[in-house]
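The values are calculated or read from the model by the stated rules, or taken from the named source; none is laboratory data. Every value quoted in this text rests on a predicted model; they were computed, and no experiment measured them. When we count neighbours, we look across all protein chains shown, and the Cβ atoms used for this are built from the backbone with ideal geometry, even at glycine.
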DNA sequence: TGTTGTCCCAATGTCAACATTTGTACATCG
DNA sequence: CGATGTACAAATGTTGACATTGGGACAACA
């Protein structure tokens, strides 16, 4: 049996605040005041504070000494950073997963890809596609079964989600073209075990999204 | 001017506790009681609590609900995870740094390598070598100039430090053979810009250390 | 004798009050 | 009139007290 995990109010508070950010109810840049949140969540400031610390390590929130916390405002440079790191993590996750994956897990991934296909044909909204995309990659990280790797992934995951949210119209176009094809190819390569081709595909899968986003956001983020 | 960074008691407390762990004054597995620490550091339990949360995100401390925090006890499996993730991060950091590095920074890295050589000839203790090794890689991450990457690095850095500490006699042997040579080679390759050879060297630099540690610790950590 | 239930204590989780800092508006001075 | 200093309000940082939980010792029971 999987033992129940009791987490306390701080994590609960973090979940609620994360939701309201990722649902777009509070926009990037807006302040997250401890007293306000404590009142609206009906917990003490201490718990809110601890929850905000959780969100800060996820990169969703930025806080400064005696100046409080604000919803992270992700600019072009930040998108570049997040996707660059994600590419490196995904490369490792995909390779590790490929060396440990069993047929049942391959089938599970493939069924997620098919769900993407159905969602596209059914003209599903962007949120559904984003959810399926993240679910796929979450599964890959779970299969890789490396808690440090998962922690590092969680350090950028929420930011990826936030970027996708704010660029949702773009993502829909991007998804429509490549979502099923690229993921299917990843599964196919994973079924053959780790390889240089798989490593490249995993990196490229993320990097093409990065390039598209950077292009969309206007200019090169750094002095390249 | 680099503006001063005021951080509050929680970070100060985290620093002190981290020191006592990394200095070996508290051994892996031992409990870190909030009241004890609060008394000995002369701050409130709240600040200690926040400090322990910082150390938890660094992977130095593991805490469970209503059961308190303990110094992380790193077993074979954990060493494997940490070094596997570190290899992926170092690969990216080294490639990114290579594409941005300027001559002055190359010289700085090379001078660190020479310091390693002098330390080895002067029969310095293991702690000095560990410090120089980490200083070198910290510089590479700083040159890569990607805050998400640096955050991810900080998520494993302290654990690397802890592993090196507990295996210090082994590391000295490992260092004596490869320290100067491998780092010098990394600098040389970086001076020529990013390349597949550099990527492999950076990965292999970490992975050889991983293999040596795993071998030392006895058995294969996972079902490979 | 092994198992179950109860009590108790130590430690953490939570809270609300107090202290400190920051930013701003306004007064003061050169 | 611009620069500097001061007072105040709003928010966070810090603290000690109270509530809740987990684990172990011990007794009751089959």
Selected residue (criterion: farthest from residue A:95 (Cα to Cα)) from residues of the range B:98-107 that are touching a helix residue (DSSP H, G or I) at 6+ places or on another chain (Cβ under 6 Å) and touching a residue at least 60 places away in the same chain (Cβ under 8 Å)
B:101
State whether the residues of the range A:16-29 include one that is farther than 24 Å from residue A:206 by Cα and within 11 Å of DNA strand D (Cβ to nearest atom).
no
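Is at least one residue of the range B:93-111 in the same structural domain as residue B:196 (by TED's automatic domain parsing) and under 16 Å from the mean Cα position of the chain (by Cα)? Even if it seems obvious, please write down each step before you answer.
Filtering the range B:93-111 down to residues in the same structural domain as residue B:196 (by TED's automatic domain parsing) leaves B:93-111.
From what's left, under 16 Å from the mean Cα position of the chain (by Cα): B:93-94.
Yes, because at least one residue in the range B:93-111 is in the same structural domain as residue B:196 (by TED's automatic domain parsing) and under 16 Å from the mean Cα position of the chain (by Cα).
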Can you pull out the residues in the range B:12-58 that are surrounded by fewer than 16 Cβ atoms within 10 Å (Cβ to Cβ), under 23 Å from residue A:64 (Cβ atoms) and touching a residue at least 40 places away in the same chain (Cβ under 8 Å)?
none
In the range A:55-86, which residue that is within 16 Å of DNA strand C (Cβ to nearest atom) and more than 10 Å from every other protein chain (Cβ to nearest Cβ) is farthest from residue A:200 (Cα to Cα)?
A:67
Selected residue (only one of B:173, B:124, B:142 is surrounded by fewer than 21 Cβ atoms within 10 Å (Cβ to Cβ), out of contact with any helix residue (DSSP H, G or I) (no Cβ under 7 Å at 6 or more places or on another chain) and not in a helix (DSSP H, G or I))
B:124
Going through (1) out of contact with any helix residue (DSSP H, G or I) (no Cβ under 8 Å at 6 or more places or on another chain); (2) on the phi > 0 side of the Ramachandran plot one by one, residue B:166 fails only at (2)
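Just wondering, is there one or more residues in the range B:83-97 that are in contact with a helix residue (DSSP H, G or I) (Cβ under 6 Å, 6 or more places away or on another chain) and within 14 Å of DNA strand D (Cβ to nearest atom)? Let's see the steps before the verdict.
From the range B:83-97, those in contact with a helix residue (DSSP H, G or I) (Cβ under 6 Å, 6 or more places away or on another chain) are B:83, B:85-97; that's our starting set.
Add one more test, that the residue is within 14 Å of DNA strand D (Cβ to nearest atom), and what stays is none.
Scanning the range B:83-97, I find no residue that is in contact with a helix residue (DSSP H, G or I) (Cβ under 6 Å, 6 or more places away or on another chain) and within 14 Å of DNA strand D (Cβ to nearest atom), so the answer is no.
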Taking residue B:147, is it in contact (Cβ under 8 Å) with a residue 60 or more places away in the chain and either surrounded by fewer than 19 Cβ atoms within 10 Å (Cβ to Cβ) or under 24 Å from residue B:61 (Cβ atoms) (or both)?
no
Answer yes if at least one residue in the range A:40-54 is closer than 27 Å to residue A:140 by Cβ and more than 16 Å from DNA strand C (Cβ to nearest atom), and no otherwise.
no
Report yes if residue A:107 is over 25 Å from residue B:56 (Cα atoms), within 11 Å of DNA strand C (Cβ to nearest atom), exposed (fewer than 15 other Cβ atoms within 10 Å of the Cβ) and away from every other protein chain (no Cβ under 12 Å), otherwise no.
no
Looking at the range B:201-221, is at least one residue exposed (fewer than 15 other Cβ atoms within 10 Å of the Cβ), within 14 Å of another protein chain (Cβ to nearest Cβ) and modelled with pLDDT of 95 or more?
no
Look through the range A:89-104, keep the residues that are facing chain B (nearest Cβ under 8 Å) and assigned to a helix (DSSP H, G or I), and return whichever of them is farthest from residue A:62 (Cα to Cα).
A:96
